[in-house]
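Values quoted throughout were computed directly from the atomic coordinates according to the rules given, and no laboratory measurement underlies them. Quantities reported herein were computed from a predicted structural model and do not represent experimental measurements. Glycine gets a Cβ as well: all are built from the backbone with ideal geometry, and neighbour counts include every protein chain shown.
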Amino acid sequence: ALRWILAGVASVSFIYVGWAFFQSAWEALRAKTSNMDTLVSIGVISAYVYSLVVLILETSSGTHQLATYFMDAAGLLAFISLGHFLEARTTAQAGGALRALLELQPDHVERVDSPDADRGDRLPTSQVVPGDLLRVRPGERVPVDGLVVRGATAVDESSITGEPLPVERSEGDELLAGTISTNGLVTVRATVDGNSTSLSRIVEIVRAAQASKSRIQKFVDTVASVFVPIVLVIAATTFVLWLVLAPANGLQHAVVNAVTVLVIACPCALGLATPTAIMAGSGAASQRGILVRSADALERAATVEGFCFDKTGTLTEGRPEVLEAEDDVLRRAGSLARGSNHPLSVAIASELLGRGLNAPVAESIEEQPGVGLSGRLEGARWQLVSLAVAGRRGWVEAVEPPEATTCSVLVRDEAPVGFITFSDRTRPEAPRLVERLRGMGLEPDLLTGDRVGVARSLGRELGLGEAAIHAECSPEAKVEFLRRDPRRLAMVGDGINDAAALAEAGARGGVGIAIGSGANVAVESADVVIPGDRLLSTIESITIARATRRTIRQNLVLSLLYNTCAIPAAAFGLLGLHGPLVAGLAMGLSSLSVVSNSLRLRFSLQRMPLE
């Protein structure tokens, strides 16, 4: 009677809990493949059916000679379900950063009719359209990306950029969705709709990274697809050999040991090894404002052997100022620079405003990355080109610009007419960045389109040797350098002229890292995007990538070591007559060890201080 009660309890577990496993295994069989649930299903069904047959036969004959394994089958399902629960819990915890990002955007906004309006209407954020005027009060989060049209405030952007100190924002400045207005009442004109904010793009990037597979994970999937058929063969061999070589209770031992092999070989821990670590690593990166586009990019970032840096806007602040320029040269240069967001163009526009000069309107303006600007003005073709380009075309001698300064040459109908020199301050953290990279075994190189004197001056300031300084590099030259260098390189840049090099670095096994405040095309070409005001985030991204890769390897060793030792023990019957239950418990502990190691990574990365 007790055994029939156990059979009833096990049947409930068999149907209610086991159905999901059986369904997954059946779908794999229909697709002419196998998965981890295939091993679990065969093991559970074998133990249950064998026990049911033994119970029926012995009940009809009145004998009780063979053991049944109803509780072993039920316990097996319980332990494996516990492993799945731990996996789901780890996934949920690792995805906490993603949920935190989603919660940054408020559900409702206050829309006003004019900047001076006292009150407005409440509406869902999703209904905001470009051009809407939105009121953001002190302590509230900015609902969508927009421009300040009235008021001023200090904005806490730590949730997006990782920068802990509030930054001042006033009329004409941009605000990002998810940031907090700390002390001022501002009216913001939305520049995007409620579903197309920078925050939503960040969420999509993080989600895609956590869902993607690294090369290691793809290898693990391949191993698992081959591993399952091999285990089935081992289990069948175990069954036959025990049946032939151990005649006494041969069927019982054969079934028990074969089922134990199936259960203990289930590579659940192997399947958990990579995704749990990837989610922990990419989640920790997103909390620091670092966006990793894919798991493969995170893995490649861990293997880079050197760094290449652009100069303007990367190692320098990217906010150059005009040092020297004649008014006529400045006015015509301003005509070409109108509408360009290149840092030098912005500096020209700022100097025009400061001098109170008006620039005439040019036509057919074209911007060529790494070369400069061109257009038609006053019946002539004007060009504003970099000094490197001017030198290659023989125009430098005609204008004689000073040495060791960033310089642009103004040309009319192929005849140089003047020059503009600029100054750009080195980022204060740049020397420390170079020092830290060398401490990690990563030698930096400087790739810049600027002239040799400027590049060498910056190189001396950063402690770079002559061999590491590459000046007057066109976008094509930067790509060619990455192709020639046998190392896996990380390319860091921010401009349109860096886009090709950023993509090339990723294509050659390295990684492209874009400064978040740079040109959109550079950001879109990169594998990793770091906050614009935290250059040292490059160190953090490599540190996180290396820690994630190290954890993946530890997880793989734990899971493979378990399977390697456990399968022979199960096949030789060393786990006893209750081997399936012991196997289920051991498998659960194996998965727990992998999950715990990934959680350890998550907590250690959370405690890692900002650079």
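Numbers below:
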{"read-out": "Cβ-derived FRET efficiency at R0 56 Å, S596 paired with T191, nearest 0.05", "value": "0.80"}
{"read-out": "Ratio of Rg to Rh over region 376-418 (Cα coordinates, Kirkwood Rh, two decimals)", "value": "0.98"}
{"read-out": "Backbone HN-Hα couplings from phi across region 25-30 [Karplus 6.51/-1.76/1.60, Hz, Gly and Pro as x]", "value": "5, 5, 5, 5, 5, 5"}
{"read-out": "Pairwise FRET efficiency - A507 versus L243, Cβ, R0 = 56 Å, nearest 0.05", "value": "0.50"}
{"read-out": "Calculated on alpha-carbon atoms, Rg and Dmax of region 422-546 in Å", "value": "13.5, 39"}
{"read-out": "Full-stretch length increase - S24, V167 - with 0.36 nm per residue and alpha-carbon distance subtracted", "value": "46.2 nm"}
{"read-out": "Label-point separation in nm, S60 to V12, each point 7 Å along Cα→Cβ", "value": "2.8 nm"}
{"read-out": "Expected-Rg normalisation [2.2 N^0.38 Å, Cα atoms] applied to region 351-445", "value": "1.44"}
{"read-out": "Cα principal axis extents for region 330-488, largest first, Å", "value": "55, 33, 27"}
{"read-out": "Gyration tensor verdict on region 288-379 (Cα atoms; rounded if a/c is under 1.5, prolate if a/b is larger than b/c, oblate otherwise)", "value": "prolate"}
{"read-out": "Extension gain from I5 to R483, taking 0.36 nm per residue of separation minus the Cα-Cα distance", "value": "165.0 nm"}
{"read-out": "Sequence-distant residues sharing a close amide H with G306 (under 5 Å, placed H)", "value": "A490"}
{"read-out": "Calculated FRET value between L147 and N358, using beta carbons and R₀ = 22 Å, to 0.05", "value": "0.35"}
{"read-out": "Zone residues, region 388-406, relative to R460, backbone N less than 14 Å from point 7 Å out along Cα-to-Cβ", "value": "403-405"}
{"read-out": "Extension reserve of the T33-L561 stretch, reckoned as 0.36 nm per residue once the Cα distance is removed", "value": "187.6 nm"}
